[in-house]
Amino acid sequence: MKSSSKPASSGAAKKTKKGSPLAKFTFTLVKFVLISLIALSCAMAGLLGGAVYGWLKTAPKVDYESLISNFNQTTFIYDSKDNIISKLTGKDNKDSEPISYSQAPEFLTGAIIAIEDERFLEHPGIDIQGIINAGFGFFKEIVFHNSGSARGGSTITQQVIKNITLKDEHSPQRKVQEWAAAVDLEKKLKKWQILEMYMNYSYWGNGCRGVQSASKKYFGKDVWDLSLAQCALLAGITKGPSIYNPFTENGRKEAKGRQELILSQMLAQGKIDQRQHDQAVSEPIVYAEKSESAKVLNVQSYFVDQVINDVKQALMKEKNLSSSMASYLIYNGGLKIYTTQDPDIQAAMDEVYVNDEYFPDENKAAKKYQQHPQSSMVILDAQNGQIKAIYGGYGKKEASNTLNRASAIERQPGSSIKPVAVYAPSIDLGLITPATIIDDVPVYYRVGDKSVSEKEWEKTYPNNYDGKYDGLTSVRNALKASVNVVAAKIWMDYLKPDNSLAYLKKVGIERDERYLSLVLGGLTKGVNPLQMAAAYVPFVHRGMYYEPTSFTLVKDSEDKDLLIKSPKYDTAYSEQTASIMVNMMQEVTTGKTSPYPHNGTAAGYVTEKTIGMPVAGKTGTTSDNLDKWFVGYTPYYVAATWYGYDNNLGKIKIEPSEYNQALKIWAAVMSKVHKNLERKEFAIAPGLVKKTICIYSGKIATALCAADPRGNATREEYFIKGTEPRDDDFCTVHVQAQVCKDSQDVLKRNLLAGPYCPPASIIDKVFIQRLIPYVPVKPDEKAPKDLVYELPAGEYCTVHGAPAGYHTNFNFNATVQATHPPGEVGEALIEEQPLE
């Protein structure tokens with residue numbers, strides 16, 4: 001029994017150990033998890049390694065040695081004729097004046113190392129122990145709220161990297177690139193050079209880049225004259241310039257506390273002894289007056305300010321430099337900057353802008369706020385968009401880097417936006433021609449606009465500047481007289497918002513405003529003269545938009561090319577569209593050239609005669625009269641002028657006596673600029689055709705168009721080939737009718753002749769006849785002015801009655817007839833029979 005049962009028992013046990021499904025599943029699961037974890041770890045390591053490799057591969061490259069070798073050399077700025085127009089040294093930039101390491105007191109370098117990176121002289125660029133300590137410090141700060149002991153994990157070398165490249169976003173990629181760059185920098189430079197860069201590139205608050213600027217601003221002395229107490233206080237500011245701001249009461253209190261922490265660190269690290277520590281802690285800190293620190297040694301022109309800003313932006317973009325590093329290089333790098341400035345054009349502009357004649361100081365509201373009228377202007381080369389001259393405000397410039405109203409303001413452009421937001425895009429898309437007729441009558445485009453009240457819905461919008469309506473108006477004349485209603489109708493009914501915005505983007509004005517106010521220049525975010533001038537360049541130069549540039553070349557201290565600024569351009573419109581726009585915008589600078597009753601809006605001051613050259617452009621006025629503009633051009637140059645008030649204390653409306661100041665300034669400058677230039681005509685693009693059309697129908701003119709009671713309504717008009725009217729597409733707006741000269745309606749129109757009007761009272765007269773009749777929306781609506789020239793259809797003489805005993809069967813179907821072909825006029829058929 002035992003012998004027979006034992007094997008069975010043993011086999012069963014063996015089977016349970018080796019063959020249990022639960023055991024197999026458990027073993028398989030564990031094995032799978034382990035393999036998966038190992039594979040995942042390998043994959044993660046591979047991915048991380050690949051990511052790190054990629055991050056290092058794509059890290060921005062900076063020539064650190066050249067930054068050191070270019071230290072404290074004078075930069076020269078040249079105009080387009082190679083004249084030196086400015087010399088820059090560190091002292092020219094009061095907020096970024098560099099010093100050498102040897103000029104810094106030992107107490108200052110000791111204080112910086114003590115608080116920022118105590119192992120600076122030993123580590124290779126990154127400090128592992130410092131990173132660990134920073135982690136514990138962060139923990140203590142969170143748990144015990146002890147912020148005074150916390151020091152960041154970044155070394156001085158890493159902070160220099162941040163200051164140069166401004167790559168301070170929190171991400172693993174940035175941190176890995178920073179570590180690699182720090183190690184690389186330590187291999188290339190000596191410790192004292194890195195510390196020198198830290199002192200010159202770090203931000204010390206209140207606009208100061210560099211410890212020398214901070215020393216002058218806060219203490220009114222050079223850095224080498226600072227005491228130990230002052231050195232320790234300055235060394236603490238860079239951690240939080242706004243917290244430790246010496247120009248605020250709380251900032252001084254915080255700065256003093258941090259100074260004492262730094263002094264204790266210096267004592268603990270053996271950089272000072274107890275006596276020095278105690279004396280520095282007890283030393284009263286005397287600060288300089290803030291007003292004294294704002295004094296400037298050298299005044300740069302608006303053009304030089306613009307060039308410095310543009311070169312700075314290019315260095316940041318193309319050379320991966322931070323803002324402060326780019327400024328440092330410009331002022332101290334021994335650069336040669338070749339600009340686009342034309343000295344003669346700039347001199348002409350300077351002369352006008354310091355002349356009080358163009359800036360009448362008589363505005364009562366302005367005097368209340370102690371504001372002086374301001375203006376700014378930019379002139380661009382029409383062939384390449386280069387800035388030839390720039391002026392940023394009224395009068396003599398008193399300081400460097402002040403507000404440049406030519407490139408830094410955001411003001412509403414008024415109607416000067418219409419050519420680029422409405423007319424040019426619509427012509428370029430083939431939606432309109434210069435001869436397209438729009439009925440200038442009251443419109444109510446606010447209906448349905450939830451942003452306005454119901455009461456506003458009931459009002460006409462938009463309105464023309466004079467509150468009147470001319471009726472049938474060609475696109476050419478609407479642009480000439482800046483008719484708001486016509487521009488609004490084209491934008492709403494033809495062009496549509498998205499097309500308008502797309503074309504604005506093509507000329508450097510990127511917006512996302514789908515509101516009708518855009519057409520009238522009421523932009524949420526305004527524009528400046530530089531943007532507007534650049535937006536008009538395509539009209540003169542074959543439809544090509546050029547990014548405006550102030551410099552062409554920058555060479556480093558070794559005369560090697562550092563930046564090359566080649567013209568950057570793109571197509572905004574077809575060459576034909578640009579040519580037609582020029583031809584239409586010349587009307588803005590002319591008087592009446594047809595029966596259309598208005599002069600061009602600029603014709604009082606800007607004309608071919610006053611400038612001495614063919615000229616075109618567009619005026620602009622904001623609805624509240626806060627801004628006046630003129631953006632215009634000749635075959636040589638494009639210029640934009642803004643006039644108004646800064647309005648930083650209150651809104652100041654431009655008074656009627658100032659309405660034409662932008663035009664006067666533009667004309668004064670441009671007449672000087674063109675004085676000795678050879679006459680040049682605007683180019684006419686190929687692919688244009690001319691047709692003689694009627695200005696009230698846009699169709700081929702007839703004899704009746706020439707006989708319009710207002711005057712000859714025919715003119716030669718340009719069309720892009722394929723958009724012109726057919727030769728047999730005659731005007732149907734003008735009609736001729738027989739009227740009675742003795743009978744009139746309330747509009748004083750002669751009524752149609754009746755069957756009993758005596759021959760002596762019947763005359764032939766030319767009228768207009770709308771294809772779409774004008775029907776008032778509201779009873780009190782202001783009617784268009786051309787209604788008095790409209791055929792009084794269905795209204796007959798009320799003066800001459802039928803003779804006694806006669807009955808009339810009057811057939812008027814041929815009394816009124818349009819001229820098709822030209823010259824034919826129908827006759828009335830009158831049948832008279834005795835009464836039965």
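The values are calculated or read from the model by the stated rules, or taken from the named source; none is laboratory data. All of these numbers come straight from a predicted model, not from anything done at the bench. Cβ coordinates were reconstructed from backbone atoms using ideal geometry, including for glycine residues, and neighbour counts include every protein chain displayed. With ligands, DNA and RNA removed, areas are computed over all heavy atoms of the protein, side chains included. Shrake-Rupley method; radii C 1.70, N 1.55, O 1.52, S 1.80 Å.
Details
- Residue that is nearest to ASP381 (Cα to Cα), among those in the range 641-653 that are touching a Phe, Trp or Tyr at 6+ places or on another chain (Cβ under 7 Å) and open to solvent by less than 80 Å² (accessible area, probe 1.4 Å): THR641
- Selection of the range 172-231 for residues being open to solvent by 30 Å² or more (accessible area, probe 1.4 Å), more than 30 Å from THR248 (Cβ to Cβ) and part of a loop (DSSP other than H, G, I, E, B) yields only LYS190.
- Within the range 70-108, the only residue that satisfies the criterion of being at pLDDT 90 or above, surrounded by 15 or more Cβ atoms within 10 Å (Cβ to Cβ) and of a type in the set (Asp, Glu) is ASP79.
- For the range 648-689, residues that are outside any loop (DSSP other than H, G, I, E, B) and among the aliphatic types (A, V, I, L, M) total 10.
- Number of the condition not met by ASP310 [criteria: (1) within 24 Å of ASP559 (Cβ to Cβ); (2) open to solvent by less than 30 Å² (accessible area, probe 1.4 Å)]: (2)
- Meets criteria (open to solvent by 60 Å² or more (accessible area, probe 1.4 Å) and acidic (Asp, Glu)) for GLU283: no
- Any hit, the range 591-607, residues being touching a residue at least 60 places away in the same chain (Cβ under 8 Å), buried (at least 24 other Cβ atoms within 10 Å of the Cβ) and assigned to a strand (DSSP E or B): no
- Among the candidates ASP780, ASP764, ASP742, the residue that is in contact with a helix residue (DSSP H, G or I) (Cβ under 6 Å, 6 or more places away or on another chain), over 17 Å from SER697 (Cβ atoms) and surrounded by fewer than 20 Cβ atoms within 10 Å (Cβ to Cβ) is uniquely ASP742.
- For the range 665-679, a residue qualifies if it is surrounded by 20 or more Cβ atoms within 10 Å (Cβ to Cβ) and either among the basic types (Lys, Arg) or out of contact with any helix residue (DSSP H, G or I) (no Cβ under 8 Å at 6 or more places or on another chain) (or both), and exactly one does: TRP666.
- Considering the range 501-548, the residues that are closer than 30 Å to PRO686 by Cβ and of a type in the set (Val, Ile, Thr) include one that is most open to solvent (accessible area, probe 1.4 Å), namely VAL540.
- Whichever residue in the range 238-262 is over 20 Å from ILE113 (Cβ atoms) and among the hydrophobic types (A, V, I, L, M, F, W, C) and, among such residues, is most open to solvent (accessible area, probe 1.4 Å): ILE243
- Candidate set from the range 372-419 (those that are among the β-branched types (Val, Ile, Thr) and in contact with a strand residue (DSSP E or B) (Cβ under 9 Å, 6 or more places away or on another chain)); member that is farthest from LEU649 (Cα to Cα): ILE387
- Comparison of ILE580, ILE611 shows that the only residue that is surrounded by fewer than 24 Cβ atoms within 10 Å (Cβ to Cβ) and farther than 30 Å from GLN73 by Cα is ILE611.
- Qualifying residue in the range 406-429 (condition: farther than 24 Å from ASN309 by Cβ and free of Cβ contacts under 8 Å to residues at least 60 places away in the same chain): no
- Restricting the range 618-636 to residues that are at pLDDT 95 or above and either in contact with a His (Cβ under 9 Å, 6 or more places away or on another chain) or of a type in the set (D, E, K, R) (or both), the residue that is surrounded by the most Cβ atoms within 10 Å (Cβ to Cβ) is LYS618.
- Strands (runs of 3 or more DSSP E) lying entirely in the range 716-782 (those with 2 or more residues that are more than 20 Å from ALA802 (Cβ to Cβ)): 734-744, 762-768
- Tally of residues being small (Gly, Ala, Ser) and over 21 Å from the mean Cα position of the chain (by Cα) across the range 594-632: 7
- Only residues that are outside any loop (DSSP other than H, G, I, E, B) and touching a helix residue (DSSP H, G or I) at 6+ places or on another chain (Cβ under 9 Å) were counted in the range 556-568, giving 2.
- Residues in the range 693-743 that are within 38 Å of the chain's Cα centre (by Cα) and of a type in the set (A, V, I, L, M): 2 in all.
- Meets criteria (open to solvent by less than 20 Å² (accessible area, probe 1.4 Å), modelled with pLDDT of 95 or more, in contact with a strand residue (DSSP E or B) (Cβ under 6 Å, 6 or more places away or on another chain) and not in a helix (DSSP H, G or I)) for THR692: no
- Residues that are over 21 Å from the mean Cα position of the chain (by Cα) number at least 1 in the following strands (runs of 3 or more DSSP E) confined to the range 328-410: 336-339.
- Any hit, the range 280-303, residues being under 22 Å from TYR391 (Cβ atoms) and assigned to a helix (DSSP H, G or I): yes
- The set of residues in the range 662-719 being farther than 30 Å from ASP627 by Cβ and among the small types (Gly, Ala, Ser) consists of ALA683, ALA685, GLY687, SER697, GLY698, ALA701, ALA703, ALA706, ALA707, GLY711, ALA713.
- Those residues of the range 371-404 which are among the hydroxyl-bearing types (Ser, Thr, Tyr) and within 17 Å of ALA662 (Cα to Cα), in sequence order: SER375, SER376, TYR391, TYR394
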